[in-house]
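The values are calculated or read from the model by the stated rules, or taken from the named source; none is laboratory data. Since we're looking at a predicted model, the values are computed, not measured. Glycine gets a Cβ as well: all are built from the backbone with ideal geometry, and neighbour counts include every protein chain shown. Ligands, DNA and RNA are excluded from the accessible area calculation, which covers all protein heavy atoms including side chains. Shrake-Rupley method; radii C 1.70, N 1.55, O 1.52, S 1.80 Å.
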Amino acid sequence: MKRLQWFSIFLVCMLLFSVTGCTPQNDAAPQNETPAATTAPESSLTPGAYQAVGHGNSGPVHVEVLIDETGIASVNVGEHNETAGLADPAIERIPLEIVAHQSVAVDAVSGATLTSKAICEAVADAIVQAGGKVEDYSTMVEKTAGDTEEYHTQLVVVGAGGSGMMAAVEAARAGIEVIVIEKSATPGGISAYGAGIGAVESSMQKEAGLTFTTKEVYDHMMEYSNAVVYAPLLRTILEQSADTAEWLAEQFGWDINVVTPNIWEGEVFDTYHLVYPYGLERFNPLIADFEKNGGTLLLETEGKSMIMENGKAAGVIAEKPNGTEVHIHAEAVVLATGGAIANEAMVFESTGTAEYITMQPSLSDGAGLRMAQEAGAVLANELFTQVSEIGMTPGIAPEPSFHINLLSSSALLFVNSNGDRYFNEGLFREQPLNQGGAASASMGAYYVIFDQETLETLVSNGLKGLLPEEEAKRQTSQLEKLSFYGSTSGVPPMFAGANEPLADLEREMAFGMENGYVWKADSIAELQQMTSLHNLEKTVDRYSELVVAKEDTDLFKRDVYLVEIEEGPFYAVKFMPGVFSTLGGVKVNEKLEAVDAKNAPVPGLYVAGIDGGSMFHKPYYDICGTTMMYAFGSGRIAGREAAAYISETQN
C-alpha cells in the first residue's frame, strides 16, 4: 500500500476511535453470539480475501477480511502478540460487531482498546484494498441505555484487580455477601501481569539463607520515605507480607520463588518473589474461590459515584457502557480502582507532564480517588508515577522485544525536550526503579544522543562494548541476569538479550526514522535543527569537554559511562518514560479505612491498593515488589476489616 493511502486510513481510524472507539462495549452480543445485523451500505467493494495488519498493544495484529458482493462477510484475527486473556474479548467480539454493523466505528472492548483499534484499523485497510472508502463503512453504532438495575448486598468492591479481588475473597470467606464490579471486560488489572511480589521473612527467603528482618526493612523504608508515610500501615503490610505470599502459593497454586541475589544490584534487600502464572490463569483460582463462596462479579460495570446515608458508605452507582445505571446498595464499600494513570489531565496536574507510555493498558482514571473524596475522605499526598526500569520509544515496535529500547539503559547522553542534560544518566542503569526512573520521568520525553562509532559498537558488542574492560566484566553478570529475566517475564521483555550484541539495532533505527522517533544528521547543528532540541549543540559541546576530562563535574556520572560523541553521522532517539501506575492517593489508616481531614474514618469506606496514598512517597522504594506486596496485602486487610465492620453493625 502506498504510504499516503495508509496514512489516510490511520487518520480515519483515529478520528473514529476518538469519538467512539475508546468507549468500552458491554451490551454487544455475548461471546460466540452474532450481534443483530444492521443494513449494509451499498457495496462497491471487490470481493476477495484480503490480508491486513493493525497495530495493537504488543505489535502487529494480522487480520484476514473476506469481502463478498454484500460487503464485509467475515473478519478473522490471525497472528499477533497481544496479551492472552486481556485481548481475548476484543478478538472474539470486535470481528462479529464489524460484520453485523458493516462498520469499523464499533466500540472498543473495555480493557482491550488497543487490540480493538488494531482490528478496526486492519479492516479499514482491507476496505481500501478492495477499492472502497473507509467512511462508507464508518457508521456510528447507536447505544441505548436500559432500565436502571438495582442490587442489594452487604459489601461492594469497586475494581477486580489484585487488591479488589483479595478484599472480595477474604470477605466472602468470612461469610459476607459481596458484589465486585469491574470496568474492564477482564479482571486482574496490572496485578495479573506484574512480575513479582515483595515479602519479608517468607519461608522461601529462609530456605535461601536470607536473614534480614521485618524491622530492618521497616527502618529502611521509613528512612527512605523521610518518615512521611503512615508508619502503622507500613508495619502492618510488612508483617503480613510473608503470610500473603505463602497463602497465595498454598491456597491458589501460584508458583512463587524468591529472587536472590536481586535483579538490580542497587536494591537493598532481596524481597522480590517472582510469581507465575500470568493473566487470567493467575486470577481464575481467585475468582473461582470468590464465586464458590457466594460472590458475584459484574464485568464492564464502571463505578461512578458513592451512595451515602447518614454519613456512612451505603453503596455505589455504576454504569454500563451503553449508559444503563446500576445501583448497588451495600453496608460497606471497598474502593480498589488502581490509581489514575489513565487520567492524563490528573497526572499532568500532579507531575507537570503527560509524556509517558503505560507498560500495560490501563483503565484506571482516578475514579476511586474521586469517589472517596465525594464521601468525605482526603488525599494523603500528591500523585506521582511509578516508573518502569526501561524507557519506551513512542512508536509501536514490530516486535515487543525491540532492542532499541535498551538505549534507555545505556547511560549515554540524555537530554530533555529543550536539549538540556538534566540528570546523572548512570542512575537509570544502576537504580532504574527509583532514582533513575524518577529522574528520567521528571521532564517527560527525553532523547538519547550518540554518534556512528557508538552505534557500531552497540551492534557488534552490545551495551558491554560501551564500557571499559574491567567495568564490562563487572557488569556482565548483571546484564546476563537482565537478559534471563527479560525472557522469563521477571523484567520487561526488552531486556532479553541485554548481554548480547544488538545485531538488529540498525534495522530498528531505520524503522524509527520512518516513524518519526529517530533522527540522523551529519552534524550536531543539523541534528538540533531536525529535532528542535534548542540547546543540543551547546550541551554536546559541554559533554564532550567532560568526556575528554574523564570526569563529570556537572552531574557526577561515573566516568565509566562517559562515551565520546565525536564523528558523524549523529543520532537522536526519542524515549518516553515507561510507567506502571500512579502512586499516592486517599489517606487511609492501618485498617485501610478512608479517613477525613481530622483523621477520623469515613464509616464503611475502605480503600485498597494504589487508590490509597499512605504507603508510598516519591520516589518509589529501592525495594523490589513493594507495589504488588501492597496491592495483595492491603486488599486482604480491607476485606477482613470490612467484613468485621459489617458483622459489628448487625449486632
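Residue-level check: of (1) of a type in the set (A, V, I, L, M, F, W, C); (2) farther than 19 Å from Gly391 by Cα; (3) out of contact with any helix residue (DSSP H, G or I) (no Cβ under 7 Å at 6 or more places or on another chain), Met576 misses just (2).
Check region 193-214 and report whether any residue there is more than 21 Å from Val588 (Cα to Cα), aromatic (Phe, Trp, Tyr) and touching a Lys or Arg at 6+ places or on another chain (Cβ under 9 Å). For region 193-214, residues more than 21 Å from Val588 (Cα to Cα), aromatic (Phe, Trp, Tyr) and touching a Lys or Arg at 6+ places or on another chain (Cβ under 9 Å): present. Scanning region 486-504 for residues that are closer than 18 Å to Ala411 by Cα and of a type in the set (Asp, Glu) yields a total of 1. Quick check on Ala231: is it of a type in the set (A, V, I, L, M), open to solvent by 10 Å² or more (accessible area, probe 1.4 Å) and within 18 Å of Ala643 (Cα to Cα)? Judged against the criteria, Ala231 is not a match.
Across region 250-271, a minimum of one residue is classified as surrounded by 15 or more Cβ atoms within 10 Å (Cβ to Cβ), without any contact (Cβ under 8 Å) to a residue 40 or more places away in the chain and either in contact with an Asp or Glu (Cβ under 8 Å, 6 or more places away or on another chain) or part of a helix (DSSP H, G or I) (or both). Here Tyr447 clears all of (1) of a type outside the set (Asp, Glu); (2) open to solvent by 10 Å² or more (accessible area, probe 1.4 Å); (3) part of a helix (DSSP H, G or I) except the condition numbered (3). When Gln205 is tested against (1) closer than 30 Å to Ala87 by Cβ; (2) in a helix (DSSP H, G or I), exactly one condition is not met: (1).
For every residue, the table says whether it meets (1) at pLDDT below 90; (2) assigned to a loop (DSSP other than H, G, I, E, B); (3) open to solvent by 10 Å² or more (accessible area, probe 1.4 Å); (4) aliphatic (A, V, I, L, M).
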residue: Met371; (1), (2), (3), (4): no, no, no, yes
residue: Gly376; (1), (2), (3), (4): no, yes, yes, no
residue: Ser388; (1), (2), (3), (4): yes, no, no, no
residue: Ala397; (1), (2), (3), (4): yes, yes, yes, yes
residue: Ile404; (1), (2), (3), (4): no, no, no, yes
residue: Leu407; (1), (2), (3), (4): no, no, no, yes
residue: Arg421; (1), (2), (3), (4): no, yes, yes, no
residue: Ser460; (1), (2), (3), (4): no, no, yes, no
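Restricting attention to region 468-516 and to residues that are open to solvent by less than 20 Å² (accessible area, probe 1.4 Å) and not in a helix (DSSP H, G or I), the residue that is modelled with the lowest pLDDT turns out to be Gly490. The residues in region 187-236 that are hydroxyl-bearing (Ser, Thr, Tyr) and over 28 Å from the mean Cα position of the chain (by Cα) can be counted, and the count is 4.
Only residues that are open to solvent by 20 Å² or more (accessible area, probe 1.4 Å), within 32 Å of the chain's Cα centre (by Cα) and under 21 Å from Phe290 (Cα atoms) were counted across region 115-166, and they come to 2. One residue stands out in region 538-554 among those that are touching a residue at least 40 places away in the same chain (Cβ under 8 Å) and crowded, with 16+ Cβ neighbours inside 10 Å: the one that is farthest from Ile449 (Cα to Cα), namely Asp552.
Restricting region 182-194 to residues that are open to solvent by less than 20 Å² (accessible area, probe 1.4 Å) and in a loop (DSSP other than H, G, I, E, B), which is modelled with the lowest pLDDT? Here the answer is Gly194.
The test for being under 29 Å from Val217 (Cα atoms) and either surrounded by fewer than 16 Cβ atoms within 10 Å (Cβ to Cβ) or not basic (Lys, Arg) (or both) does not hold for Pro321. Within region 217-234, being over 18 Å from Ser203 (Cβ atoms) and in contact (Cβ under 8 Å) with a residue 60 or more places away in the chain holds for His220, Met221, Tyr224, Ser225, Asn226, Val228, Val229, Tyr230, Pro232, Leu233, Leu234. Annotation: Ala208 fulfils all but one of (1) touching an Asp or Glu at 6+ places or on another chain (Cβ under 9 Å); (2) hydrophobic (A, V, I, L, M, F, W, C); (3) at pLDDT 95 or above; (4) buried (at least 19 other Cβ atoms within 10 Å of the Cβ); the unmet one is (4). Restricted to region 211-228, and to residues there that are more than 17 Å from Asp270 (Cα to Cα) and among the aliphatic types (A, V, I, L, M), the residue that is surrounded by the most Cβ atoms within 10 Å (Cβ to Cβ) is Met222.
Between Gly486, Gly444, the distinction of being in contact with a Ser or Thr (Cβ under 6 Å, 6 or more places away or on another chain) and closer than 23 Å to Val518 by Cβ belongs to Gly444 only. Note on region 555-601: residues that are open to solvent by less than 30 Å² (accessible area, probe 1.4 Å) and outside any loop (DSSP other than H, G, I, E, B) total 18. Taking the criterion of being part of a loop (DSSP other than H, G, I, E, B), surrounded by fewer than 22 Cβ atoms within 10 Å (Cβ to Cβ) and at pLDDT below 90, the only residue of region 44-57 that qualifies is Ser44. Which residues, taken from region 338-357, are buried (at least 20 other Cβ atoms within 10 Å of the Cβ), under 13 Å from the mean Cα position of the chain (by Cα) and touching a residue at least 40 places away in the same chain (Cβ under 8 Å)? The answer is Gly338, Gly339, Ala340, Ile341, Tyr356. You will find that of Leu407, Leu466, the residue that is within 27 Å of the chain's Cα centre (by Cα) and farther than 23 Å from Ser581 by Cβ is Leu407 and no other.
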